[in-house]
Amino acid sequence: MPTRHLHVLRHGLADPFGELTAEGEQQMELAGRRLAALPVDTVWHSPLSRAVRSAQVLGAQLPGVRVREAAELIDHVPYLPDPMPAAWAGFFDGYDVAQAAEGERLAAALTTRFARAVDVETHDVLVTHAFQVAWLVRDALAAPPASWLGLPYGNAALTTIEYRDDRSASLIVYNDMGHLPAELRWTGFGPAARP
């Protein structure tokens, strides 16, 4: 039975303007080295510059592998519960109905395109954003939509999900930063967890 191996990474560390930093480039180079042992077919990336550059750096470690854009990987809020949990209310303050509808449309497009089995064995790498990684993990676990809110995700951390026709999705690895030295491991949310 063919398996789709989906290797999902959040982009490397970016500056406040959304550009990849030197640390972010180092994170993605190390992630690429980790993935180099796999038969990667394609590296897909968000159209945002921090993900584009992350995919380029990662792809340089994977000679001959195509690096392509996928609009579904763009940074967006995939779902917001109503009522909003108090802990998240300030973070999403000002988020309107139109944005919520567009976020849900993009989330559905993301899972429709990538969170499914395919006819041939594949190893696809997705370079995207924290919310999209959390949404794909939530989907793989068939968890309630609001559960993505509790899944923080590290820069250049690896998550692997497998899809086959004969069973539900399997979460193989989640938020793994084993390829990064301690000083490059942090989520970008809250205080940096650097030594």
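The values are calculated or read from the model by the stated rules, or taken from the named source; none is laboratory data. Keep in mind that this is a model prediction, so the values were computed, not measured. Note: ideal-geometry Cβ built from the backbone for every residue, glycine included; neighbour counts use all protein chains shown. Just the protein is used for accessible areas: all its heavy atoms, side chains included, with ligands, DNA and RNA removed. Shrake-Rupley method; radii C 1.70, N 1.55, O 1.52, S 1.80 Å.
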If a residue has to be open to solvent by 10 Å² or more (accessible area, probe 1.4 Å), among the hydrophobic types (A, V, I, L, M, F, W, C) and at pLDDT 95 or above to count, how many in region 159-188 make the cut? 5
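Can you find a residue that is within 15 Å of the chain's Cα centre (by Cα) and over 21 Å from LEU6 (Cβ atoms) anywhere in region 92-104? Write out each step before concluding.
Let us first name the residues in region 92-104 that are within 15 Å of the chain's Cα centre (by Cα), namely none.
No, every residue in region 92-104 fails to be within 15 Å of the chain's Cα centre (by Cα) and over 21 Å from LEU6 (Cβ atoms).
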Based on this model, can you work out whether LEU38 counts as in a helix (DSSP H, G or I), farther than 22 Å from THR111 by Cβ and either touching a Gly at 6+ places or on another chain (Cβ under 6 Å) or open to solvent by 30 Å² or more (accessible area, probe 1.4 Å) (or both)? no
Assuming GLY154 fulfils every condition listed in (1) open to solvent by 40 Å² or more (accessible area, probe 1.4 Å); (2) under 26 Å from ASP15 (Cα atoms) apart from one, which condition is it? (1)
Where MET84 falls short, out of the listed (1) open to solvent by less than 40 Å² (accessible area, probe 1.4 Å); (2) in a loop (DSSP other than H, G, I, E, B): (1)
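For every residue, the table says whether it meets (1) open to solvent by 60 Å² or more (accessible area, probe 1.4 Å); (2) at pLDDT 95 or above; (3) under 16 Å from ALA156 (Cα atoms).
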position	(1), (2), (3)
PRO16	yes, no, no
HIS45	no, yes, yes
VAL57	no, yes, yes
LEU62	no, yes, yes
GLU69	yes, yes, no
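Per-residue answers, yes or no, for (1) in contact (Cβ under 8 Å) with a residue 40 or more places away in the chain; (2) of a type in the set (Asp, Glu):
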{"site": "PRO83", "(1), (2)": "no, no"}
{"site": "ASP93", "(1), (2)": "no, yes"}
{"site": "THR111", "(1), (2)": "no, no"}
{"site": "ALA117", "(1), (2)": "yes, no"}
{"site": "LEU126", "(1), (2)": "yes, no"}
{"site": "ASN155", "(1), (2)": "yes, no"}
Looking at (1) more than 28 Å from GLY150 (Cβ to Cβ); (2) without any contact (Cβ under 8 Å) to a residue 60 or more places away in the chain, can you tell me which one ASP41 breaks? (2)
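State whether one or more residues within region 99-106 are under 22 Å from VAL40 (Cβ atoms) and surrounded by 13 or more Cβ atoms within 10 Å (Cβ to Cβ). Full working, then the answer.
Taking region 99-106 and keeping what is under 22 Å from VAL40 (Cβ atoms), we get none.
No: zero hits.
Yes/no per residue for (1) within 21 Å of ASP165 (Cα to Cα); (2) part of a helix (DSSP H, G or I):
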| position | (1), (2) |
| --- | --- |
| ALA100 | no, yes |
| GLY103 | no, yes |
| THR111 | yes, yes |
| VAL125 | yes, no |
| ARG138 | yes, yes |
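Look at ASP75 and say whether it is touching a residue at least 12 places away in the same chain (Cβ under 8 Å), surrounded by fewer than 16 Cβ atoms within 10 Å (Cβ to Cβ), within 19 Å of VAL43 (Cα to Cα) and out of contact with any Ser or Thr (no Cβ under 6 Å at 6 or more places or on another chain). Step through it out loud before you land on a result.
Numbers: touching a residue at least 12 places away in the same chain (Cβ under 8 Å): yes; surrounded by fewer than 16 Cβ atoms within 10 Å (Cβ to Cβ): no; within 19 Å of VAL43 (Cα to Cα): yes; out of contact with any Ser or Thr (no Cβ under 6 Å at 6 or more places or on another chain): yes.
It is false that ASP75 is touching a residue at least 12 places away in the same chain (Cβ under 8 Å), surrounded by fewer than 16 Cβ atoms within 10 Å (Cβ to Cβ), within 19 Å of VAL43 (Cα to Cα) and out of contact with any Ser or Thr (no Cβ under 6 Å at 6 or more places or on another chain).
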